[in-house]
Each structure stands twice: as structure tokens, then as C-alpha cells.
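Engineer: First the structure, which I've put down as C-alpha cells, then a few questions once you've had a look.
The values are calculated or read from the model by the stated rules, or taken from the named source; none is laboratory data. Being a predicted model, the structure only gives us computed values, none of them experimental. Neighbour counts run over all protein chains shown; Cβ positions are idealised from the backbone, glycine included. Keep in mind that these areas ignore ligands, DNA and RNA; they rest on the heavy atoms of the full protein, side chains included. Shrake-Rupley method; radii C 1.70, N 1.55, O 1.52, S 1.80 Å.
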Amino acid sequence: MIDLRSDTVTRPCDGMRKAMAQAEVGDDVFGEDPTVNSLQERLAEMFGAEAALFVPSGTMGNEICIKVHTQPGDEVVCESGCHILNYESGAAAFLSGVQMRSIQGTRGAITREQVETAIQPPLYFLPKTTVIAVENTHNSAGGTVFPIDVLADLHMLAQERGLKLHLDGARIWNASAATGIPLQDYVGYCDSISVCFSKGLGAPIGSAIAGTKEFVQEAHRLRKLFGGGMRQVGILASAVLYALENNLSRLPEDHANARLLAERLAELPGIEVDLDTVQTNIVIFDIAESGRTVSELLEALKDAGVLVVPFGPTRLRAVTHLDVSREDVEFAAGIFSKIVRGTH
Ligand SMILES: Cc1ncc(COP(=O)(O)O)c(C=O)c1O
């Protein structure tokens with residue numbers, strides 16, 4: 001089966017499992033796990049941040065950041081397709097008591113002008129805007145990169161208006177690999193970042209957040225409060241260290257594979273792909289004109305050994321990753337072609 005549903009479906013390779021088995025560990029709730037401590041130091045250095053904190057998931061990372069930055073009743077300005085708003089089970093409302101004010105972006109990016117008009121004036125009967133949240137790369141926009149100059153503008157705006165800028169950087173690795181812009185440049189514009197290791201980097205579990213020492217100190221307290229205190233977590237941190245060492249530099253392969261798939265799909269009758277959005281490892285395509293429904297196509301693809309996910313009433317999403325080779329992508333593109341042309 002060629003599994004293009006998500007970059008989260010990868011399984012740890014033998015080398016990663018060996019690293020996990022050999023990890024030096026201690027009780028991280030006592031701050032005594034040497035492997036997680038060294039990972040956190042390494043991440044802070046990579047991001048050019050004062051400190052970093054390992055957390056179990058990207059969702060917990062985002063939600064801790066929002067909780068640190070807000071008071072109940074506050075408003076968070078975000079892009080309408082973002083993960084925090086759509087795919088975190090309403091956690092920002094539940095855990096932080098905040099509401100989200102969403103703006104329709106362009107390929108996942110929201111501009112200074114758009115955010116400016118969404119910031120509430122300081123009137124007692126209005127919610128207080130305290131956070132701008134952005135996503136890079138933007139998952140539901142098709143893995144698009146948030147332009148760094150627009151991020152710089154938002155940073156300026158946040159500074160001027162006393163707001164916090166949070167970056168959901170679950171796939172910041174892909175953004176940096178695609179643009180060549182160093183991680184520090186993205187992180188430098190933000191008050192907090194959350195990143196994931198369980199996506200393109202291929203670790204089985206784990207995310208991290210980073211910011212100032214003061215921010216991470218409060219985040220550490222909230223991680224415990226949210227039930228995310230972990231014990232001999234060096235087993236997971238060693239998988240992340242392995243992933244940083246071995247899997248980070250190969251992300252351009254995933255991007256090239258996504259591009260290949262997108263170009264092959266774009267040639268098919270009834271399939272529409274906005275090739276400009278295929279900037280990293282995600283391909284979202286519309287099948288409205290193919291004469292097939294989403295569920296018919298999903299079924300036919302599955303029968304032929306290819307898995308993708310539905311992404312709206314007429315759209316599908318395919319994601320390339322560590323466990324998908326160029327040959328796999330060529331095979332999958334061939335299957336798509338046969339199914340759409342009715343020759344399968
Ligand atoms: C952009 C983005 N942010 C956050 C997350 C949440 O990560 P997790 O599934 O580890 O909670 C995801 C997961 O797909 C994501 O795509």
C-alpha cells in the first residue's frame with residue numbers, strides 16, 4: 001500500500017528504534033532526563049530562542065502557547081483554514097477560554113492590513129485581541145510557505161499593538177527546506193513557536209515549543225497542568241535527535257516527489273491542481289470535473305493500493321514523506337491516471 005494520507009504515517013526505521021532502545025533516561029518531571037535536556041538545548045540553539053520544551057503533540061504545543069499568551073475572554077486572530085481553529089477539537093475555547101477571529105487568507109497567509117482590521121479597538125464591551133496566530137507551512141492551503149516579509153510585517157504590527165505572535169510551525173522544517181530561509185529567521189519574528197517531529201521528520205511522537213526563558217517557564221507549568229508531564233521521555237527525545245540528524249536534510253526529496261505527483265495529476269482530465277500551492281510535501285487537488293465522487297475515487301485508489309484522504313466535498317489530499325519513494329509516487333500517479341481515464 002502506498003500511503004499518501006499524511007506525513008504522520010511513517011514508522012520508525014531500525015536505526016531510530018536502536019537509538020530509542022539505547023537512550024539514556026531519567027525522570028523528566030524531576031528535570032533529570034539527560035536526553036530530553038540535551039534535545040531541548042539543541043532545539044533552543046537551532047531556533048535561536050532562549051529555551052525550548054518537549055511536548056507530546058503539536059496540539060498540546062499550540063494550546064500551551066495560547067494559554068501562556070492569553071486570559072479567558074481574549075481573542076486570537078488567525079487564518080480561517082488554520083489547524084488551531086479547525087482541527088484541535090475546540091481546545092483554545094475549552095482550555096484557554098478564548099475565541100478565535102478568523103480571516104480568509106491567500107494560500108494560508110494573512111497580511112498586516114487584514115490583521116489590523118481584525119484587531120479589536122480597546123472598548124470595554126469588545127473582546128481583547130491578544131494573539132496573532134499563523135501557520136507555516138499551511139496544511140489546509142496545501143503546504144504553502146508563509147512569506148517571511150509578511151511575517152516580518154506581522155511582527156512589527158504585534159510589537160506596535162502589544163500583541164503576541166504565535167507560529168504553528170508543525171512543518172516549519174519544510175518551509176525552511178523549501179525556501180532556504182534559516183529556522184532562526186522565522187522564529188526570530190515570533191513570541192512562540194510550536195514544531196512537530198512526528199510529521200516530515202519521521203519520529204513516532206513529539207513536538208516542541210520555544211520562546212523566551214520566562215515563556216518556557218510558564219509553558220512548563222502548563223504542560224504539567226494539561227497532563228503532559230512525562231517521565232523517562234528520553235526514549236522519545238532520542239528518536240527526535242535521530243530524526244534531526246538523519247531525516248531533516250532529505251525533506252527536499254519529499255518536495256520533489258510532491259511536485260512530480262502534482263504535475264502528473266494536473267495532466268489528467270477532470271483533475272485540477274493549483275501548482276503554485278505545491279511548494280512543499282502536500283498536494284491538494286479538485287476532482288469535481290472527473291465524473292467521480294470523492295468516495296468513489298478513494299475506494300478505487302484503495303483497491304489499487306494507494307491511500308489519500310478526502311479534503312472537502314470535491315477535494316483530495318496527498319502527502320509525501322519518508323516512507324514514500326519516487327517510484328512509489330510514479331506508481332501512484334499511474335494508478336490515478338488509469339482510474340481517471342477509466343482504463344483501470
Ligand atoms: C499545521 C499543524 N499544526 C498542528 C498539528 C497538530 O499536531 P498533532 O497531531 O501532533 O497534535 C498538525 C497536525 O497535523 C498540523 O498539521
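Engineer: Condition first: in contact with a Cys (Cβ under 9 Å, 6 or more places away or on another chain) and of a type in the set (Ser, Thr, Tyr). Can you find one or more residues in the range 238-256 that meet it?
Structural biologist: Yes, the conditions are met somewhere in the range 238-256.
Engineer: Related question: What is the number of the single condition among (1) touching a helix residue (DSSP H, G or I) at 6+ places or on another chain (Cβ under 7 Å); (2) more than 15 Å from residue 40 (Cα to Cα) that residue 239 does not meet?
Structural biologist: All conditions are met except number (2).
Engineer: Checking residue 98 against (1) within 22 Å of the chain's Cα centre (by Cα); (2) surrounded by fewer than 21 Cβ atoms within 10 Å (Cβ to Cβ); (3) more than 16 Å from the ligand (Cβ to nearest atom); (4) farther than 28 Å from residue 252 by Cα, which test does it fail?
Structural biologist: Only one criterion in (1) within 22 Å of the chain's Cα centre (by Cα); (2) surrounded by fewer than 21 Cβ atoms within 10 Å (Cβ to Cβ); (3) more than 16 Å from the ligand (Cβ to nearest atom); (4) farther than 28 Å from residue 252 by Cα is unmet by residue 98, namely (2).
Engineer: Moving to a separate point now. Would you mind stating whether residue 105 is within 13 Å of the ligand (Cβ to nearest atom) and either closer than 28 Å to residue 312 by Cβ or among the acidic types (Asp, Glu) (or both)?
Structural biologist: Against the criterion (within 13 Å of the ligand (Cβ to nearest atom) and either closer than 28 Å to residue 312 by Cβ or among the acidic types (Asp, Glu) (or both)), residue 105 does not qualify.
Engineer: Which pairs have Cβ atoms under 6 Å, sit 6 or more apart or on different chains, and link a residue in the range 42-58 that is more than 14 Å from residue 236 (Cβ to Cβ) and open to solvent by 10 Å² or more (accessible area, probe 1.4 Å) to one that is more than 16 Å from the ligand (Cβ to nearest atom) and in a loop (DSSP other than H, G, I, E, B)?
Structural biologist: Once the first residue is more than 14 Å from residue 236 (Cβ to Cβ) and open to solvent by 10 Å² or more (accessible area, probe 1.4 Å) and sits in the range 42-58, its partners that are more than 16 Å from the ligand (Cβ to nearest atom) and in a loop (DSSP other than H, G, I, E, B) give 50/212.
Engineer: Go through (1) crowded, with 19+ Cβ neighbours inside 10 Å; (2) within 16 Å of the ligand (Cβ to nearest atom); (3) more than 22 Å from residue 208 (Cβ to Cβ) for residue 77 and report which single condition fails.
Structural biologist: Answer for residue 77: the failing condition is (2).
Engineer: Going through the range 17-41 one residue at a time, which ones are closer than 18 Å to residue 208 by Cβ and charged (D, E, K, R)?
Structural biologist: Result: 28, 33, 41.
Engineer: With the structure loaded, tell me whether residue 285 is touching a residue at least 60 places away in the same chain (Cβ under 8 Å), within 25 Å of residue 322 (Cβ to Cβ) and out of contact with any Asp or Glu (no Cβ under 6 Å at 6 or more places or on another chain) or whether it fails that test.
Structural biologist: No, not satisfied.
Engineer: Turning to a different aspect of this structure: Considering only the range 113-123, I want to know if a residue exists there that is within 16 Å of the ligand (Cβ to nearest atom), over 21 Å from residue 6 (Cα atoms) and buried (at least 20 other Cβ atoms within 10 Å of the Cβ).
Structural biologist: No, the range 113-123 has no match at all.
Engineer: Among the residues of the range 188-216, write down those that are within 16 Å of the ligand (Cβ to nearest atom), among the hydrophobic types (A, V, I, L, M, F, W, C) and open to solvent by 10 Å² or more (accessible area, probe 1.4 Å).
Structural biologist: Keep residues of the range 188-216 that are within 16 Å of the ligand (Cβ to nearest atom), which gives 190, 192-210.
Those left that are additionally among the hydrophobic types (A, V, I, L, M, F, W, C): 190, 193, 195-197, 201, 203, 205, 208-210.
Hits for the range 188-216 are 190, 205.
Engineer: Moving on to the next point. For the range 248-259, give me the residue count where each residue is farther than 12 Å from residue 174 by Cβ and crowded, with 18+ Cβ neighbours inside 10 Å.
Structural biologist: Number satisfying all stated conditions: 2.
Engineer: So is residue 110 within 16 Å of the ligand (Cβ to nearest atom), open to solvent by less than 10 Å² (accessible area, probe 1.4 Å) and in contact with a Phe, Trp or Tyr (Cβ under 7 Å, 6 or more places away or on another chain) or not?
Structural biologist: No: the conditions fail for residue 110.
Engineer: Quick one: would you say residue 29 is over 16 Å from residue 187 (Cα atoms), away from the ligand (no atom under 16 Å from the Cβ) and touching a helix residue (DSSP H, G or I) at 6+ places or on another chain (Cβ under 6 Å)?
Structural biologist: no
Engineer: Contact list please: Cβ distance under 8 Å, first residue in the range 238-263 and outside any helix (DSSP H, G or I), second residue surrounded by fewer than 24 Cβ atoms within 10 Å (Cβ to Cβ), pairs at least six apart or on different chains.
Structural biologist: Filtered contacts from the range 238-263: 247/322.
Engineer: Hey, any hits in the range 290-301 for a residue that's open to solvent by less than 50 Å² (accessible area, probe 1.4 Å) and within 13 Å of residue 2 (Cβ to Cβ)?
Structural biologist: Yes; the residues of the range 290-301 include at least one that is open to solvent by less than 50 Å² (accessible area, probe 1.4 Å) and within 13 Å of residue 2 (Cβ to Cβ).
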